[in-house]
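Report on the structure given below.
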Amino acid sequence: MSEGTDGNEPSAVATAATNGGLTRRDGTASGANLRVAIVGGGFMAEVHSRAARAARADVAGIVSSTPERSVAAAERLGIGRAYSSLEEVLSDDTIDLVHVTTPNALHAEQAAAVLAAGKDVVCEKPLATTVADAEGLVAAAEGRTATVPFVYRFHPMVREARSRFASGEAGRVLSINASYLQDWLLGESDDNWRVDAHQGGRSRAFADIGSHLVDLVEFVSGDRVSRVSATKRTVFAERASHSGITTEDAVAVVVETHSGALGTLLVSQVAPGRKNRLWLEIAGSAESVAFDQEQPETLWIGRRKGSLIVPRDADQLSEDAARLCVVPSGHPQGYQDAFNAFVADTYAAVAGESPDGLPRFADGLRAVRVTDAVIDSAESGAWVDIAQ
């Protein structure tokens, strides 16, 4: 690890991290001796493979949609074995855990098969495209480690924001203003399997990125959304290889929380210039807290007198936030570091640890329920209550 910018050795907290992952109490890396396989060969498979290796797991094999694509993915990602099918993965008794990174409509069936084979699982979100399927997965995961990568929880400054509400320092939650904006589907020629409801489910923008936004709102505030009123828009009914598109490009949502706080959420995949701008501001009765995922090194604390910017510096943060600082302050951390920490905590859970804030299948079910409520509200024009 490099030295801090002041020429001194990094703090003891930062030094405890291992290659972007976390160490177990026995001093070994969180994924040591764990053999994992990946299902899917796209962008998310790459991200998962990097995180698995950072946690010192053995990425033993990969399977994609065809044997030929499996071979190509294995070669591209430097993975030793290309499986011909998911069944071949599940029959391999040397595999301890499977990462599911396929299109949304396949998640429920594939994750259920992994669990039935007696293996632990990381399943991309949305966990399922229906509430019933997500509920079934939660039941099937009983007694196993089964997690969903709501990885924005693992930015150190998100943990710092959470600690301020959990400790009471920020006061009670009064209001929420949050958005998640992207521009990758801005043009009519921009296309992806996610626009197809048969592959991605009835919701696209909210299921894909709005789920992250709601998860972060509830995780940071400790307050759950109790009902929603939503409006959605599909900007392009036709794209390069898809017609009759029904999934939404943008959603605006008014929320009310269990404690009575009010909030607004805006989710869009057609916002020019915004690449991955997840922004969250929660106003407490004592202070407001704001986090911008595109500027993850700082946290804005708003007060009636003396607002401030808090840097990602382990020596200035809460214990849980400092735990996730894997490089000294001044050396930026980002999305892959957050993903690495999520996977490391998942592997630590497989080893018997109980990492705080680890998103499990119950959290994935929660996201599916909220997504369903948002789309139901947008289609009915009425407020929709969400089961707690």
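So what is the calculated 222 nm ellipticity per residue for the chain, using -39500 (n - 2.57) for each DSSP H run with n of 4 or more, over all residues, to the nearest 500 deg cm²/dmol?
The helix contribution divided over the chain gives -9000 deg cm²/dmol.
Using a probe of 1.4 angstrom, how much of the accessible area of the range 243-352 is carbon and sulfur, in percent?
About 52 percent, which is the carbon plus sulfur part of the accessible surface.
Cα-Cα over 31 Å: which of Lys125/Lys232; Lys232/Lys275; Lys119/Lys275?
Lys119/Lys275
Mind giving me the nanometre distance, one decimal, between the label points for Trp184 and Ala286, set 7 Å out from Cα along Cα→Cβ?
If labels sit at Trp184 and Ala286, their model points lie 3.9 nm apart.
For a quick protection proxy, order the peptides 37-45, 155-163 by their average other-Cβ count within 10 Å, most packed first.
Highest to lowest by the protection proxy: 155-163, 37-45.
Could you sort 199-209, 219-229, 319-329, 335-345 so that the peptide with the highest average Cβ count within 10 Å comes first and the rest follow in order?
Going from most to least packed, we get 335-345, 199-209, 319-329, 219-229.
Roughly what % antiparallel, to the nearest 5, for the DSSP beta bridges in the range 42-170?
0
How far is the Cα center of the range 91-105 from the Cα center of the range 225-294, in Å?
The two parts, judged by their Cα centres, are 31 Å apart.
How far apart, in nm, are the 7 Å Cα→Cβ label points at Glu87 and Ser167?
5.6
With the cut-off at 1.5 for a/c, could you classify the range 53-177 from its C-alpha gyration tensor as rounded, prolate or oblate?
It is prolate, given that a/c is not under 1.5 and a/b is the larger ratio.
Any idea which of Ala349, Thr101, Thr231 is furthest toward the positive side of the dipole for the chain, if Lys and Arg beta-carbons carry +1 and Asp and Glu beta-carbons -1?
Thr231
Roughly what % of DSSP beta bridges within the chain run antiparallel, to the nearest 5?
Among the beta bridges of the chain, antiparallel pairing accounts for roughly 65 percent.
If you put +1 on each Lys and Arg Cβ and -1 on each Asp and Glu Cβ, how big is the dipole of the chain around its Cα centre, in Debye rounded to 20?
500
Output the relative contact order of the range 161-222, whole-number percent, from Cα pairs under 8 angstrom with separation of 6+ residues.
52
In the range 145-168, whose amide N lies under 13 Å from the spot 7 Å out along Cα-to-Cβ of Ser307? List them in ranges.
None, by backbone N distance to the label point.
The values are calculated or read from the model by the stated rules, or taken from the named source; none is laboratory data. Since we're looking at a predicted model, the values are computed, not measured. FYI the Cβ positions are ideal-geometry reconstructions off the backbone, even for glycines, and counts take in every protein chain you see. All accessible areas refer to the heavy atoms of the entire protein, side chains included, with ligands and DNA or RNA removed. Shrake-Rupley method; radii C 1.70, N 1.55, O 1.52, S 1.80 Å.
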